[in-house]
Amino acid sequence: MASPQIDVDEIIETLAQIRQRGHSAHTVFRDWVNLMLFALQRRDDPYLEIVDDYRERGDMDYPDGQRSVDLFSKAFGQLQERMAATDADVLGAVYEEYGMSSDAFGQHFTPHSVCETMVEIAGVVDENDTEDRQTVLDPACGSGRMLLTAGRKQPDALFVGQDKDPLCARMSALNCCFLNLDA
Ligand SMILES: C[S@@+](CC[C@H](N)C(=O)[O-])C[C@H]1O[C@@H](n2cnc3c(N)ncnc32)[C@H](O)[C@@H]1O
């Protein structure tokens with residue numbers, strides 16, 4: 001099956017409004033990932049630390065809806081919409097898009113169609129075809145794309161991922177959270 005077209009322009013445009021306020025691409029993307037993850041994990045302290053950092057740089061001077069925290073939240077909504085529309089790893093696609101213009105984003109991830117094939121080769125079976133609980137491991141998981149593909153096929157499996165790049169590990173954690181996987 002061919003990969004769906006993953007259009008991330010809308011998300012990139014929203015995050016670009018924050019970048020135009022003097023933040024690097026890497027800082028904006030990292031803070032966006034951390035804010036989403038800390039919000040889902042209900043970790044208020046590290047979440048508020050990031051928000052305070054933007055406030056100290058004059059975020060409250062922007063009108064309601066245009067503050068950086070509002071734009072981060074808008075990009076979160078757009079991410080959910082694109083994921084629902086494409087069934088794809090939209091977060092990883094945004095990361096890859098950023099990678100084209102910045103050396104700070106060093107990774108390239110497996111194309112979605114290849115992930116589908118890999119998941120098949122690994123023997124991840126459809127939800128209804130097995131009574132044994134499967135374990136799916138990606139030992140260098142990047143944005144978690146392979147786990148996401150396996151999770152759509154077998155949501156009841158146990159998913160394990162690791163990556164030496166903390167930003168990648170967090171993207172994977174988020175993607176697994178979005179699908180409510182046991183990961
Ligand atoms: C080409 S990406 C593949 C990511 C993912 N498996 C996929 O299919 O999209 C390779 C990933 O391996 C990670 N990596 C490289 N060396 C590693 C190591 N020694 N331990 C854990 N992760 C590693 C990188 O940070 C990167 O995210």
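Each reported figure results from applying straightforward, stated rules to the coordinates on display, with no laboratory input. Here the structure is a predicted model, which is why all the values come from computation and not from measurement. Reconstructed Cβ throughout: ideal geometry from the backbone, glycine too, with neighbour counts over all protein chains shown.
When the inverse distances between all different Cα atoms of the chain are averaged and flipped, the Kirkwood radius reads 17.2 angstrom. Compared with the direct C-alpha span, the chain from D9 to Q66 gains 18.7 nm at full extension, assuming 0.36 nm per residue. The modelled label-to-label distance for the pair D129/L40, using points 7 Å beyond Cα in the direction of Cβ, is 2.7 nm. Would you mind checking the tilt of helix 90-99 against the longest principal axis of the Cα atoms of the chain, expressed as 0 to 90 degrees and rounded to 10? Long axis of 90-99 versus the principal axis of the chain: about 60 degrees. Taking the number of Cβ atoms within 10 Å of each Cβ as an exposure proxy, the fewest-first ranking of M36, M146 is M36, M146. A Stokes-Einstein calculation at 20 °C with viscosity 1.002 mPa s, built on the Kirkwood radius of the stretch 107-183 over Cα pairs, returns a diffusion coefficient of 174 µm²/s. Relative contact order of the stretch 1-141, taken over Cα pairs closer than 8 Å and 6 or more residues apart, is 32 percent. Among D163, D59, D132, the largest mean-square fluctuation in a Gaussian network model of the chain (Cα springs under 10 Å) belongs to D132. Comparing mean-square fluctuations of Y54, Y98, Y62 from a GNM of the chain with C-alpha springs under 10 Å, the top value falls on Y62. Taking amide H as placed 1.01 Å from N in the peptide plane, V136 has its amide H under 5 Å from the amide H of L158, F159, V160, each at least 5 places away in sequence or on another chain. Relative protection proxy for 116-127, 85-96, from highest mean packing down: 85-96, 116-127 (other beta-carbon atoms within 10 angstrom). Between L147, V125, A173, the Cα set farthest toward the positive side of the dipole of the chain (charges on each charged residue's Cβ, about the Cα centre) is that of A173. Its residues counted as N, the stretch 34-139 yields a C-alpha radius of gyration over 2.2 N^0.38 Å of 1.44. Would you list the P(r) distribution for the stretch 1-79, with all Cα-Cα distances sorted into 10 Å bins from 0 and each bin expressed as a whole %? Going from the shortest bin to the longest, the percentages are 17, 51, 24, 6, 1. Among the trypsin sites (Lys or Arg not before Pro) within the stretch 112-183, those in coil by DSSP and having at most 16 neighbouring Cβ atoms inside 10 Å are R133, K164. Here the simple spin-label model places points 7 Å from the Cα toward Cβ, and for S24 and D53 these points are separated by 1.2 nm.
If I fit a long axis through the Cα atoms of helix 166-178 and take the longest principal axis of the Cα atoms of the chain, what angle between them do I get, 0 to 90°, rounded to 10? It works out to around 70 degrees.
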